[in-house]
Amino acid sequence: VWAGKDLHVEWKALPIYGDGEAQNDGRDQYFSHFRVRMVNPSTSAVITTLTTKQPSLVVPFEKLANVGLRAFDLRVALVDVNGGLSAEEVLSVSNPAPVLPSAPTAEGALNSYVVTMSQPTAPDFEGFEVYTSLANGFTPGPSNRRWVGKATKVTLPQLGPGAHYIRVIPVDSFGAGAASVQLTATPVDISARIDGIEDELDNISDDSVLT
């Protein structure tokens, strides 16, 4: 179970030997501890090994972050006082990349544009990254990242005249999810509006002189 950023794991403790004298919690008198191995399911490589005397374990986020995997196996075995091992029980763990519940929207505003997003339900959700470019079909990257934060609605200044192309990426504790579809918004250029009004006033003035 994911509890915020940490992983909480519990399992049922069973005796090692069928004829052993069981303790009150069901474990054999020869029980020493549990060995928990974190394994890369793609390569079967052991990432780290943990031990505990309790049939539960909290894997802190710091250790998970060092692993750098969104999916891994936890393999639990009992170890007796002589170092003997039981067969391992395997639990497959995954923390999928965050997904936007619905497509974000973007619209032009005065010398700016407004991006509205819906928040993912993942318990370790960290925020959004908004990328913007004047180039259609751009690829999100550090050079065009315009905003990072948790707000679901943000107003950003225009980059220049014309259409702005926008993509949103949700981020959790383990990193970034997939980028949204490309959005388009055209800010309202105040200088162009003023020039247009001045032209209209000049035309009105010219008509008045002619009259």
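The values are calculated or read from the model by the stated rules, or taken from the named source; none is laboratory data. Everything numeric here is computed off the predicted structure, so don't read it as measured data. For neighbour counting, all protein chains shown are included, and Cβ atoms are generated from backbone atoms with ideal geometry for every residue, glycine included.
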Tell me, which strands (runs of 3 or more DSSP E) wholly within region 22-63 include 3 or more residues that are modelled with pLDDT of 90 or more?
31-39, 46-52
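Would you check if Val90 is surrounded by fewer than 14 Cβ atoms within 10 Å (Cβ to Cβ), hydrophobic (A, V, I, L, M, F, W, C) and over 30 Å from Glu10 (Cβ atoms)?
No.
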Residue count, region 154-191, condition assigned to a loop (DSSP other than H, G, I, E, B) and within 28 Å of Ala122 (Cβ to Cβ), comes to 8
What's the total number of residues in region 100-122 that are surrounded by 13 or more Cβ atoms within 10 Å (Cβ to Cβ) and over 23 Å from Pro157 (Cα atoms)?
3
Could you list, in sequence order, the residues of region 119-150 that are assigned to a loop (DSSP other than H, G, I, E, B), within 26 Å of Asp6 (Cβ to Cβ) and not β-branched (Val, Ile, Thr)?
Gln119, Pro120, Ala122, Pro123, Asp124, Lys150
Among residues of region 64-75, those that are within 18 Å of Ala122 (Cα to Cα) and part of a helix (DSSP H, G or I), counted:
2
Looking at region 46-74, which of its residues are without any contact (Cβ under 8 Å) to a residue 40 or more places away in the chain, among the charged types (D, E, K, R), closer than 25 Å to Asp172 by Cβ and surrounded by fewer than 16 Cβ atoms within 10 Å (Cβ to Cβ)?
Glu62, Lys63
